[in-house]
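Inspection log for the structure reproduced underneath, given as structure tokens.
Read-outs throughout are calculated quantities, based only on the coordinates presented, and are distinct from any laboratory measurement. Keep in mind that what you see is a predicted model, and the values were worked out from it rather than measured. Heads up, the Cβs are rebuilt from the backbone with ideal geometry, glycines too, and the neighbour counts pull from every protein chain shown.
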């Protein structure tokens with residue numbers, strides 16, 4: 001296939017997962033982090049995850065070693081110059097992404113495909129940071145990457161059809177199911193999921209039903225693995241609020257507006273699991 005060697009920008013939660021599944025599928029994969037400490041931490045998390053699979057009997061020790069052998073780390077962008085696909089998984093900061101893609105554009109061969117794992121920013125805008133917009137695409141993975149089977153493959157009005165085909169083939173090769181969509185804020189999953197979560201907050205805020213009744217209704221009535229308010233705690237109330245602001249700014253639709261309760265909980269520091277309290281109390285196990 002067209003994609004033989006993969007580069008990943010960032011070895012945090014998402015970047016480490018993307019690098020792992022790429023290497024596990026047999027692709028030589030180079031991960032770039034800004035510092036040796038950050039790189040060591042990210043590579044350590046990959047090794048720990050793989051060892052957990054070995055300990056549970058879900059992964060052969062030999063496969064773990066093959067995966068790690070396919071992985072290499074660097075703090076230098078030039079070490080990604082010969083990659084066929086480079087996936088950016090750094091913080092949602094357009095200035096940083098502009099700097100990275102602009103530098104790589106001058107380092108990489110003309111055929112290299114650039115991709116972003118962004119969940120909310122414009123793929124089209126990021127493609128303008130390079131001189132190869134026809135070879136720019138979105139590859140939106142879901143957390144935790146090694147376990148979640150979906151990748152949203154996002155094309156712009158300028159993305160070459162062959163690049164989309166190559167991206168789909170690579171996603172299949174790493175064991176993922178690709179969903180193709182155009183470049184619009186939220187793509188498919190978040191475009192549908194975020195209003196659902198915001199509506200759950202509104203139902204709770206209006207006193208229509210209790211927290212537990214809302215979550216149980218959606219679990220038992222629709223077969224969802226968890227209710228929307230527990231999900232909001234997992235995602236982070238601050239993250240949900242941030243995304244809703246982006247959506248509302250883009251579409252100016254009431255369904256994307258953050259409920260007042262959500263805004264006030266965020267201001268109060270009740271961000272969900274990450275702060276120990278949101279709609280649930282996370283000091284207890286399970287959260288109460």
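At-a-glance table
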| item | result |
| --- | --- |
| Mean separation of Cα contacts under 8 Å, 6 or more apart, over the residue count of segment 190-274: relative contact order % | 33 percent |
| Counting all C-alpha pairs of the chain, share separated by more than 23 Å (%) | 58 percent |
| Relative contact order, percent, segment 133-288 [alpha-carbon distance under 8 Å, six or more residues apart] | 16 percent |
| Sorted largest first, extent of segment 199-282 alpha carbons per principal axis (Å) | 34, 27, 23 |
| Calculated [θ] (222 nm, deg cm²/dmol) that DSSP helices of n ≥ 4 give over the chain, each run adding -39,500 (n - 2.57) | -14500 deg cm²/dmol |
| Using alpha-carbon coordinates, inclination of helix 161-173 to the longest axis of the chain, degrees | 80 degrees |
| Residue-span extension gain [residue 217 to residue 48] - 0.36 nm each, minus C-alpha spacing | 57.2 nm |
| Sorted by Cβ density within 10 Å, fewest first, the residues 177, 239, 159 | 177, 239, 159 |
| Sequence of 191, 132, 264 once ranked by neighbouring C-beta atoms within 10 Å, starting from the fewest | 264, 191, 132 |
| Gained length - residue 128 relative to residue 192, 0.36 nm times residue gap less alpha-carbon distance | 20.3 nm |
| Acute angle (nearest 10 degrees) that the helix 237-251 long axis makes with the longest principal axis of the chain, alpha-carbon atoms | 80 degrees |
| Rel. contact order, % - alpha carbon contacts under 8 angstrom, at least six apart, segment 6-182 | 21 percent |
| 16 Å cut-off, amide nitrogen to a point 7 angstrom out along residue 41 Cα→Cβ, residues in segment 6-24 | 10-17 |
| Per-q log10 I(q)/I(0), segment 72-141, q = 0.21, 0.22, 0.25 Å⁻¹ (Debye; single scatterer per alpha-carbon; no solvent) | -0.85, -0.94, -1.23 |
| Residue exposure sequence - 251, 136 - by fewest surrounding Cβ within 10 Å | 251, 136 |
| Degrees separating the helix 211-222 axis from the principal Cα axis of the chain, which is the longest one | 60 degrees |
| Volume in Å³ per residue [convex hull over Cα atoms, computed for segment 1-121] | 103 Å³ |
| Antiparallel DSSP beta bridges within the chain, percent to nearest 5 | 20 percent |
